[in-house]
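Reviewing the structure listed below.
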């Protein structure tokens, strides 16, 4: 099997991740931050150690501002719904995944929020976004990397806008995490959201939001393991935003995933994925009637002639090649590249893909 | 050995405090505190040798971590 759907989730995980998940279930299967017995304390220490590993990976000095969530969608909903005031204006990109677009549309319908869409391929992103700022603009909510085209938005331009205008900045790093050398200590932001199970090589069922400060509002209330007499959630991060039992095995897996990346070096991971992207592109360009809409950072989207994208993906699946076709939960991105009606086929590479696998892809596409 | 236990508000802050103190070779233990003795009920604290108390409070003050003495 050739797995080229890493933007959906990474299939091949480092052995250390698998061992960490299994070890958490076998040795640490107690509720962290709840009881006082030895096993619970060990589980608690594992969770904090994971926060530290993630913050080291992101070059961020505040592990206690990392809030664990169910996934990146949950993290984004949490950030968007607690940080954006009613009746304010928000700026989003023309690449947004529905994990940003749908909560914004929901706020537009229910809470009087308006939004405008900036062009991600503008020559000067700073000026492009600046042109959308109004008196009541409260936030920029944007992806850092498209899950359809791989196109990236420069984080420092966004940070500079936040500093200049004092508006909130909520970042969707779902595709960028694990494939970008972040230094969050140098970035002005309000929330940075990512999943465990894509570029960070953790397992499904976990994401996280890094909050620059403890939000005034909470999205979810419940047990936090402390201050049980208080009717409200604790005031401080991370417990304020973490109601309920944390997914300890997934957290152990994410800790192992980021440590794996850091042991190789993020720049090495990036350069290998970039190399594989170029190799894939050079093969795809040989395919007759192929239309390539975007190709960057491991993500390439295309169609072949008039072949429906799902049919193409099915033919690839028949020969053991996993890709994703359709709209990728990102209608804005497809509208931008002109494939809102047809969709397209997306291949998405990871550090673990090989040139031989790309050769197989090439041979299979030639027959379509 | 005489020990002192302080509450620092949450288990995460307790862990943060432990890391800071470990850098100064102050040995600490993470403990669950009795709900009857804390304002909000249910929290974790850190226990350390009473002889290290001055070092602990200075370091926590420097780090902006608020605490209260649970047991001395």
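Values quoted throughout were computed directly from the atomic coordinates according to the rules given, and no laboratory measurement underlies them. These figures come from a predicted structure and were not determined experimentally. Heads up, the Cβs are rebuilt from the backbone with ideal geometry, glycines too, and the neighbour counts pull from every protein chain shown.
Structural remarks
- Rh (Kirkwood; distinct C-alpha pairs) - the protein assembly as shown, Å: 23.2 Å
- Translational diffusion coefficient of the stretch A:184-272 (Stokes-Einstein, Kirkwood radius from Cα pairs, 4 °C, 1.567 mPa s): 87 µm²/s.
- The mean number of partner chain beta-carbon atoms within 10 angstrom of a residue's beta-carbon across peptide A:43-52 is 3.
- GNM remark for chain A: springs join alpha carbons under 10 Å apart, and the peak mean-square fluctuation among A:307, A:113, A:90 falls on A:307.
- Size of chain B from its Cα atoms: along the principal axes, largest to smallest, the extents are 31, 27, 16 Å.
- For the pair residue B:27 and residue A:29, a Förster radius of 25 Å applied to the C-beta separation gives a FRET efficiency near 0.40, rounded to the nearest 0.05.
- Equivalent ellipsoid, the stretch A:190-242 (semi-axes from 5 times Cα gyration tensor eigenvalues, Å): 25, 13, 8
- The stretch A:225-272 - convex hull of the alpha-carbon atoms, volume per residue in Å³: 101 Å³
- Build a GNM of chain A with springs between Cα atoms under 10 Å apart, and of A:69, A:245, A:44 the one that fluctuates most is A:245.
- Relative contact order, percent, the stretch A:266-366 [alpha-carbon distance under 8 Å, six or more residues apart]: 32 percent
- For residues of B:40-52, the mean tally of beta carbons on other chains within 10 Å: 3
- Counted by neighbouring Cβ atoms within 10 Å, the residues A:347, A:287 run from fewest to most as A:287, A:347.
- Directionally averaged projected area (convex hull, Cα atoms, the stretch A:193-335), nm²: 12.3 nm²
- Modelled this way, with points 7 Å down the Cα-to-C-beta line, the labels at residue A:355 and residue A:229 are 6.8 nm from one another.
- The spread of Cα positions in the stretch A:266-366, taken along each principal axis and listed from longest to shortest, comes to 37, 29, 21 Å.
- Dividing the radius of gyration of the alpha carbons in the stretch A:24-132 by their Kirkwood radius gives 1.14 for Rg/Rh.
- Label-to-label distance for residue A:108 and residue A:181 is 3.8 nm, based on points extended 7 Å past Cα in the beta-carbon direction.
- Here the contact order of chain A, divided by its residue count and restricted to Cα pairs under 8 Å and six or more residues apart, works out to 24 percent.
- In chain A, helical runs assigned H by DSSP with n ≥ 4 each contribute -39500 (n - 2.57); averaged across all residues and rounded to the nearest 500, the mean residue ellipticity at 222 nm is -12000 deg cm²/dmol.
- Taken over the stretch A:15-264, the ratio of Cα radius of gyration to 2.2 N^0.38 Å equals 1.01.
- Acute angle (nearest 10 degrees) that the helix A:38-57 long axis makes with the longest principal axis of chain A, alpha-carbon atoms: 50 degrees
- Once the Cα atoms are used to define both axes, helix A:98-110 deviates from the longest principal axis of chain A by about 60 degrees.
- Between the helical axis of A:248-264 and the longest alpha-carbon principal axis of chain A there is an angle of about 60 degrees.
- Panel order for A:261, B:46, by other beta carbons found within 10 Å of each beta carbon, from fewest to most: A:261, B:46.
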